[in-house]
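Q: Dropping a structure here in structure tokens format, bear with me for questions.
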Amino acid sequence: QVQLVESGGGLVQPGGSLRLSCAASGSIFSFNAMAWYRQAPGKQRELVAAITSNGSTNYADSVKGRFTISRDNAKNAVYVQLNSLKPEDTAVYYCNAQIKTGLYTYTRDYWGQGTQVTVSS
């Protein structure tokens, strides 16, 4: 079993910052890409930022220059620094990781339970 657990969400004023963390545990052989998604009420889940196993990053246009994704392979963790937050960033943020649980297993997508980020004055 693999579990992803997010932390770091909360209520912040516009212009503020938060750092979300996601730690993976369980039977993990290797990671490929890791990513953060978000879903606002009434909207589809969307990709916020992604990072490959060699550190290449990709961001949604709406967060470029404000959010920074990083990973710590030794800790099986991925992070996203959220700066200059706007009310439209309000959403539940989900961690995603592509994980192999064994040398001869397929890579599968795993998801965390989500953490709420609310940007409001």
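The values are calculated or read from the model by the stated rules, or taken from the named source; none is laboratory data. Since we're looking at a predicted model, the values are computed, not measured. Reconstructed Cβ throughout: ideal geometry from the backbone, glycine too, with neighbour counts over all protein chains shown. Ligands, DNA and RNA are stripped out before the accessible areas are found, and what is left, the full protein with its side chains, is counted by its heavy atoms. Shrake-Rupley method; radii C 1.70, N 1.55, O 1.52, S 1.80 Å.
Q: Can you tell me how much longer the chain between Lys64 and Ser17 gets when fully stretched, taken as 0.36 nm per residue apart minus their C-alpha distance, in nm with one decimal?
A: Extra length available between Lys64 and Ser17 comes to 15.5 nm.
Q: Enumerate lysine pairs in region 1-114 that are 8 or more residues apart or on different chains, then count those whose Cα atoms are under 21 Å apart.
A: Lysine pair count for region 1-114: 4.
Q: Just the number, please: carbon plus sulfur as a percent of the accessible area of region 11-102, 1.4 Å probe, no ligands or DNA/RNA counted.
A: Carbon and sulfur together cover 46 percent of it.
Q: How far apart, in nanometres, would the label points at Ser30 and Gln81 be if each is projected 7 angstrom from Cα along the Cα-to-Cβ direction?
A: So the label points at Ser30 and Gln81 sit 2.9 nm apart.
Q: Say each of Thr107 and Ser121 gets a label point 7 Å from the Cα, pointing the same way as Cα to Cβ; how far apart are those two points in nm?
A: Once both label points are built, they end up 4.4 nm from each other.
Q: With a probe of 1.4 Å, find how much accessible area the chain has per residue, and write the answer as a whole number in Å².
A: Value returned for the chain: 54 Å² of accessible area per residue.
Q: What FRET efficiency, computed as 1/(1 + (r/R0)^6) with R0 = 22 Å and r the Cβ-Cβ distance, is obtained for Gln1 and Glu46, rounded to the nearest 0.05?
A: 0.20
Q: For the chain, what D do you get in µm² per second when you plug the Kirkwood radius from alpha-carbon pairs into Stokes-Einstein at 10 °C and 1.306 mPa s?
A: Stokes-Einstein gives a translational diffusion coefficient of 110 µm²/s.
Q: Right, another one. Rounded to the nearest 20 Debye, what is the dipole magnitude of the chain about its Cα centre when Lys and Arg each give +1 and Asp and Glu each give -1 at the C-beta?
A: Roughly 80 debye, rounded to the nearest 20.
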